[in-house]
Amino acid sequence: MDILNYINGQLRPAQGDAWLQNPSPRDGQVFSRIADSAAADVDLAVEAARSAQPGWEALGSQGRHDALMRLAALVERDMEAFAQAESRDNGKPVALARKVDIPRAISNLRFFATAILHWGSEAHATDGIAVNYTERSPVGVVGCISPWNLPLYLFTWKIAPALAVGCAVVAKPSEITPLSAYMLAERCVEAGLPPGVLNIVHGTGAKAGAAITAHPEITAISFTGGTATGARIATVAAPMFKKLSLELGGKNAVVVFADCDFDMMLKETVRSSFSNQGQICLCGSRILVERSIYERFKKDFVACVKALRVGDPQDETTDLGAVVAEAHLQKVLGHIALAKEEGGIVLTGGERVHLDGPLKDGWYMAPTVIEGLGPLCRTNQEEIFGPVVTLQPFDTEEEALANANSTRYGLASVLWTNNGTRMHRMAHALKSGVVWVNCWMLRDLRTPFGGMKQSGVGREGGEEALRFFTEAKNVCIKL
Ligand code: NAD
């Protein structure tokens, strides 16, 4: 199977006929090849986008809404095929792709398609002597670069607001999980999306991604991925004065107070630790537990984790599928070795899981729980992005807060308490862009989403995304 670029409305290989291999994490076997694009392909995509953008903008918000809604309907029609593809490409349980990834991708398209119909801008009357109004116009041609962990979910989270406001897009999904974006391109053709409005260029970050970042006609870059990659992109894009939205790594704390609803907290903390094999930027990876319930939590949590089923992603009863790539599996195992060197005690997991038969070469890992490490060691400071969490006890709220805020990241925090004042006090003091209280991954697409510190720059979601992809112009009329 060939995963082709989508440029100017056509599905086509990269120039020079270059290809990358695409293995499935489920069995380690190559099942497709990916267009290995370079700067020349990005040039073609930008040219197509530049030609298409004025017409797309002129279509008006209703016309763009209609096109995005047609696309959403086609993804919904083919939900099962998308879920199977996402699972095959990424290793995630198909049940998760069915429940989370694909429905959310459809919601992203519909949310921004309709948001644009309801969006207004500001006007300011100035003391009876002037009227100001703010005009918001699409920034032009934008670059959207997305990661492998939630492939179609994060890809659509970027392209939908950009398209809704009237930008034309050159997008690059991760070369590790390109399949669902390719399937989306096929649906774009079927939906009659005007050629050039959305262009999807496949290939590596070093070649295709870097060419998007550096292209002088691309005026804004929306990127989700690792912090080091974000820094590299900023180095190139900032001196060119491109608008930048960076959604980067995390090392999220889950803070558990003794007064929480224990059973609900336990169930949700298992989920926030190991959903998608722990490969969600919002997963809690440092679990801080008030000392009076630490031993009880440890015992019950480890028992729940031991009961999780690592298995075939296609099996409905699987809790954890495969991690995304062999190199990633080795990286995560390397972090566990480091944790042991640092004095950590592995309470459960800690090793690769070998499945039988046709899945013997798949990249599976046991969910891992580690204790005995302080807040400042590398294990508790560096992003692992796999099925690994650490447990740390705390005595006071101040200690929990200092620990939670002690990393260079600030993406999300999870707080478990039924004390109302503490809830607000802690939520205010936690240095992260998202704070979940007594829940996890409960999303309202209207809310600002993004990280503080080295977890990112800017916010996505709702009007934040619509603003990002537009330029504001103030028009002042003297009365
Ligand atoms: P990554 O940074 O390796 O790659 C992300 C994307 O950037 C890919 O499409 C890749 O090809 C591209 N890329 C790589 N080098 C590039 C370059 N020099 N120029 C332009 N593009 C380049 O990240 P990943 O491994 O795919 O994803 C995992 C990371 O993403 C984790 O750190 C995770 O925390 C983060 N993430 C963050 C969020 C968030 O919302 N903050 C969401 C999901 C994932």
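The values are calculated or read from the model by the stated rules, or taken from the named source; none is laboratory data. Predicted model only: the values in this text are computed from it and were never measured. Cβ: placed from backbone, ideal geometry, glycine included. Neighbour counts: every protein chain shown.
Residues of region 381-404 include at least one that is out of contact with any Asp or Glu (no Cβ under 8 Å at 6 or more places or on another chain), in contact (Cβ under 8 Å) with a residue 24 or more places away in the chain, among the acidic types (Asp, Glu) and within 19 Å of residue 250 (Cα to Cα). Hey, among 278, 250, 284, which residue is crowded, with 24+ Cβ neighbours inside 10 Å and touching a Cys at 6+ places or on another chain (Cβ under 6 Å)? Unique residue meeting the criteria: 250.
For region 451-477, a tally of residues being in contact with a helix residue (DSSP H, G or I) (Cβ under 6 Å, 6 or more places away or on another chain), within 16 Å of the ligand (Cβ to nearest atom) and hydrophobic (A, V, I, L, M, F, W, C) returns 1. Looking at 293, 280, 287, just one residue is of a type in the set (A, V, I, L, M, F, W, C) and within 20 Å of the chain's Cα centre (by Cα), and that residue is 280. What are the residues in region 377-433 that are of a type in the set (Ser, Thr, Tyr), over 27 Å from residue 310 (Cα atoms) and crowded, with 21+ Cβ neighbours inside 10 Å, if any? Within region 377-433, 407, 409, 417, 432 qualify. Of all residues in region 341-365, exactly one satisfies the criterion of being surrounded by 15 or more Cβ atoms within 10 Å (Cβ to Cβ) and assigned to a helix (DSSP H, G or I), namely 359.
Can you confirm whether residue 296 is touching a helix residue (DSSP H, G or I) at 6+ places or on another chain (Cβ under 9 Å) and under 25 Å from residue 420 (Cα atoms)? Yes, satisfied.
Taking the listed residues 236, 302, 256, the one that is β-branched (Val, Ile, Thr) and surrounded by 23 or more Cβ atoms within 10 Å (Cβ to Cβ) is 256, with no other qualifying. Checking each residue in region 88-123 for being of a type in the set (S, T, N, Q), under 15 Å from residue 69 (Cα atoms) and surrounded by fewer than 23 Cβ atoms within 10 Å (Cβ to Cβ) picks out 107, 114. Considering each residue of region 327-343 in turn, none proves to be under 17 Å from residue 270 (Cα atoms) and either of a type outside the set (S, T, N, Q) or not assigned by TED's automatic domain parsing to the domain that holds residue 275 (or both).
Applying the condition of being touching a Pro at 6+ places or on another chain (Cβ under 9 Å) and more than 13 Å from residue 101 (Cα to Cα) to region 56-87 and asking which residue is surrounded by the fewest Cβ atoms within 10 Å (Cβ to Cβ) yields 59. Considering only region 279-325, how many residues are assigned to a loop (DSSP other than H, G, I, E, B) and not small (Gly, Ala, Ser)? Within region 279-325, residues that are assigned to a loop (DSSP other than H, G, I, E, B) and not small (Gly, Ala, Ser) number 17. The condition (being more than 26 Å from residue 191 (Cα to Cα) and assigned by TED's automatic domain parsing to the domain that holds residue 193) is satisfied by just one residue among 13, 23: 23. Only one entry in 398, 463 is in a helix (DSSP H, G or I) and more than 20 Å from residue 257 (Cα to Cα), namely 463. Highlighted here are the helices (runs of 4 or more DSSP H) found entirely within region 155-260 that include at least 2 residues which are more than 14 Å from the ligand (Cβ to nearest atom) and in contact (Cβ under 8 Å) with a residue 24 or more places away in the chain: 179-191. Does residue 472 qualify as being over 30 Å from residue 256 (Cα atoms), among the hydrophobic types (A, V, I, L, M, F, W, C), surrounded by fewer than 21 Cβ atoms within 10 Å (Cβ to Cβ) and at pLDDT 95 or above? Yes: the conditions hold for residue 472. Of the candidates 190, 186, 175, the single residue that is under 17 Å from the mean Cα position of the chain (by Cα) and within 28 Å of residue 30 (Cβ to Cβ) is 175.
Do we find a residue being away from the ligand (no atom under 16 Å from the Cβ), within 25 Å of residue 78 (Cβ to Cβ) and part of a helix (DSSP H, G or I) anywhere in region 117-132? Looking for residues that are away from the ligand (no atom under 16 Å from the Cβ), within 25 Å of residue 78 (Cβ to Cβ) and part of a helix (DSSP H, G or I), one finds none in region 117-132, hence no.
Matching residues to (1) out of contact with any Ser or Thr (no Cβ under 8 Å at 6 or more places or on another chain); (2) on the phi < 0 side of the Ramachandran plot; (3) away from the ligand (no atom under 16 Å from the Cβ); (4) of a type outside the set (A, V, I, L, M):
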| residue | (1), (2), (3), (4) |
| --- | --- |
| 382 | yes, yes, no, yes |
| 389 | no, yes, no, no |
| 404 | no, yes, yes, no |
| 413 | no, yes, no, yes |
| 433 | no, yes, no, yes |
| 437 | no, yes, yes, no |
| 449 | yes, yes, no, yes |
